[in-house]
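Novice: Structure below; questions to follow.
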Amino acid sequence: QEDLEALIAEFQSLDAKKTQVIESSCPPPSPRLNGSLSAHPEKDELILFGGEYFNGQKTYLYNDLYVYNIRKNSWSKVEIPNPPPRRCAHQAAVVPTAGGQLWLFGGEFASPSGEQFYHYKDLWVLHLATKTWEQIKASGGPSGRSGHRMVACKRQLIIFGGFHESARDYIYYNDVYAFNLDSFTWSKLAPSGIGPAPRSGCQMATNPEGSIIIYGGYSKQRIKKDVDKGTLHMFLLKVEGAGKEEDKWAWSRLNPSGVKPTPRSGFSVAIGPNNRSLLFGGVHDEEEEESIEGDFFNDIYFYDLGKNRWFPGQLKGPKSEKRKRRRGRQAEAEDAGDEEVEKQLSEAPVEIVKEVVAEDGTVMTIKQVISGPAEEKGRSESEEEEEDGALGQQVEPCPRSNAMLAVKHGVLYVYGGMFEVGDRQFTLSDLYSIDLHKMEEWKVLVEMDPKAQEWLEESESDEEEDDKEGAEGGEEEEESSEEESEGEGEEEQHPSVQLDESHADYLSRTEQYWIKLARSNMGPDAKEKKVVKVAYAMAKTFYEDSV
């Protein structure tokens, strides 16, 4: 714990050297998961903060702030003095006050080995109009935690659940706190009724009347070798006597109709248009004899808060003008009968199973659910299918968990996340969007080739796969971020030391490059620890020669 606090303090002292706001255009952010992506309340922008990345040996935590310009499809990095310390699995909520405020609570910092955790209990606000960070110090708030959920509800931030993990033990929470955005005070709520079991990673959404929905989430139980067990419940937390100071809160159990999501954890959530909450992706761990196999998802489920009803989001495919003309009224009637289409599609889904084979022979199964009826309609008009660019070849985000979501103008944006093949983790930095009103097709805004990523415990010959992928993957790897080597592959020219850059910063930024170089010199049989030791020595020598 003390070591982690010292490490956090060291990072903060480096951040404290920043004295002015610097905004610069940049390539898309590096791969990460468990960050926060938020829609700016006034501008056509998305705000990305924090997150984590694991390369097989080392865990990296971030406190970078990136802004995505929706209209220009471009990224910029915004360096603001005194930001919150590096973290992941925190929560962010946007309120429209004073040109927009991004509120941030909790999260965790992990040691580079990924074996020790520090859980934050701090509250911050980013004033979007003035580009300033402010830490709000108010007593009586939640204990340190990550994996909790936070929503803005009227003039309050409501926080529920989460977990705290130490070297010896872990605890999951089901407590509820409110932070008043006018008086800047915390209060612990004591709702009547039977509440949800302790959990983290649930779905939490608020409706216009001020009721709050809690769904799903997971908690670990020691019964089965620390296996995460997904709990699937639906609760409604509602206010009685709204507007009075002595607001009373009560839990009540909901039994929604419709097609519920299949069991999963690690899903991502957002509020969509038409009073609908949505969840995307996630993973379902199936325990085999001595291993855990994860089924990853890339589907969307909507929950209609007004009708208390679930339904799966089904892609309708782009409609060509020719098809509309030829089918005339029939097409119009189909577009109008939106609810009917949802019902039809949910009744006859077709499951497609894909298998991805890793270098070590591990097989990962990816299940996707494609709507049966939509496929049938498409296939019955073969000429038009060709003109439409073949419905079956539409792009979509690969299945993943722990992605970052935001909705702006009815469009859902999905950024990053991760999936696993055997013991290897692939962390993503791609960006996709889909219009939730039309539900026609996914659009790729930033591509990446996950196989181009270096993994420091596995053999590195994904070359056959890489050849098929074309140039995008290589490009992505090249500009993935300052955190990773800037000269990857250019072995004669080492990454140069930047002005006033400390040895620690230089090593953090270029570590991947030196490890790759050391491995190429030492051969494939060299032990990983020795490779890293040699890499660090080479980096240190080059740094000292350059300074």
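Novice: If Leu33 satisfies all but one of (1) open to solvent by less than 20 Å² (accessible area, probe 1.4 Å); (2) of a type outside the set (D, E, K, R); (3) within 23 Å of His127 (Cα to Cα), what's the number of the condition it fails?
Specialist: (3)
Novice: Next question, about the same structure. State all residues of segment 258-292 that are over 26 Å from the mean Cα position of the chain (by Cα) and at pLDDT below 90; if no residue qualifies, say none.
Specialist: Correct list: Glu288, Glu289, Glu290.
Novice: Consider segment 38-66. How many of its residues are open to solvent by 20 Å² or more (accessible area, probe 1.4 Å) and among the hydrophobic types (A, V, I, L, M, F, W, C)?
Specialist: Residues flagged as open to solvent by 20 Å² or more (accessible area, probe 1.4 Å) and among the hydrophobic types (A, V, I, L, M, F, W, C) within segment 38-66 amount to 2.
Novice: For segment 101-112, which positions are among the aliphatic types (A, V, I, L, M) and modelled with pLDDT of 95 or more?
Specialist: Within segment 101-112, Leu102, Leu104 qualify.
Novice: Ok, one more. Taking only segment 505-529 into account, find how many residues are loosely packed, with under 12 Cβ neighbours inside 10 Å and in a helix (DSSP H, G or I).
Specialist: Matching residues across segment 505-529 total 2.
Novice: Pairs needed: first member in segment 416-440, of a type in the set (Lys, Arg); second member anywhere, open to solvent by 20 Å² or more (accessible area, probe 1.4 Å); C-beta distance under 7 Å; at least 6 residues apart or different chains.
Specialist: Listed by first residue and then by second, the contacts come to Arg424/Ala358; Arg424/Glu458.
Novice: Output the residue which, of all residues in segment 208-234 that are touching a Phe, Trp or Tyr at 6+ places or on another chain (Cβ under 6 Å) and hydrophobic (A, V, I, L, M, F, W, C), is modelled with the highest pLDDT.
Specialist: Residue satisfying both the conditions and the ranking: Ile214.
Novice: Is it fair to say Gly144 is in contact (Cβ under 8 Å) with a residue 24 or more places away in the chain, touching a strand residue (DSSP E or B) at 6+ places or on another chain (Cβ under 6 Å), surrounded by 15 or more Cβ atoms within 10 Å (Cβ to Cβ) and not in a strand (DSSP E or B)?
Specialist: Considered against the rule, which asks whether it is in contact (Cβ under 8 Å) with a residue 24 or more places away in the chain, touching a strand residue (DSSP E or B) at 6+ places or on another chain (Cβ under 6 Å), surrounded by 15 or more Cβ atoms within 10 Å (Cβ to Cβ) and not in a strand (DSSP E or B), Gly144 comes out as yes.
Novice: Would you point out which residue out of Ala92, Ala98 is of a type in the set (A, V, I, L, M), open to solvent by 10 Å² or more (accessible area, probe 1.4 Å), farther than 26 Å from Val421 by Cβ and at pLDDT 95 or above?
Specialist: Answer to the selection: Ala92.
Novice: Kindly indicate whether Tyr543 is touching a Leu at 6+ places or on another chain (Cβ under 9 Å), surrounded by fewer than 17 Cβ atoms within 10 Å (Cβ to Cβ) and either over 16 Å from Lys58 (Cβ atoms) or not aliphatic (A, V, I, L, M) (or both).
Specialist: When the stated conditions are applied, Tyr543 does not pass them.
Novice: Within segment 409-450, how many residues are at pLDDT below 85 and surrounded by fewer than 19 Cβ atoms within 10 Å (Cβ to Cβ)?
Specialist: 2
Novice: I would also like to ask the following. For segment 190-207, enumerate the residues that are aliphatic (A, V, I, L, M) and either farther than 16 Å from Arg149 by Cα or modelled with pLDDT under 75 (or both).
Specialist: Ala190, Ile194
Novice: Related question: Out of everything in segment 170-213 that is of a type in the set (Val, Ile, Thr) and open to solvent by 60 Å² or more (accessible area, probe 1.4 Å), what residue ends up being farthest from Cys88 (Cα to Cα)?
Specialist: Here the answer is Ile194.
The values are calculated or read from the model by the stated rules, or taken from the named source; none is laboratory data. None of these values were measured; they are calculated from a predicted model. Please note: Cβ atoms are built from the backbone with ideal geometry, for glycine as well, and neighbour counts cover all protein chains shown. Ligands, DNA and RNA are excluded from the accessible area calculation, which covers all protein heavy atoms including side chains. Shrake-Rupley method; radii C 1.70, N 1.55, O 1.52, S 1.80 Å.
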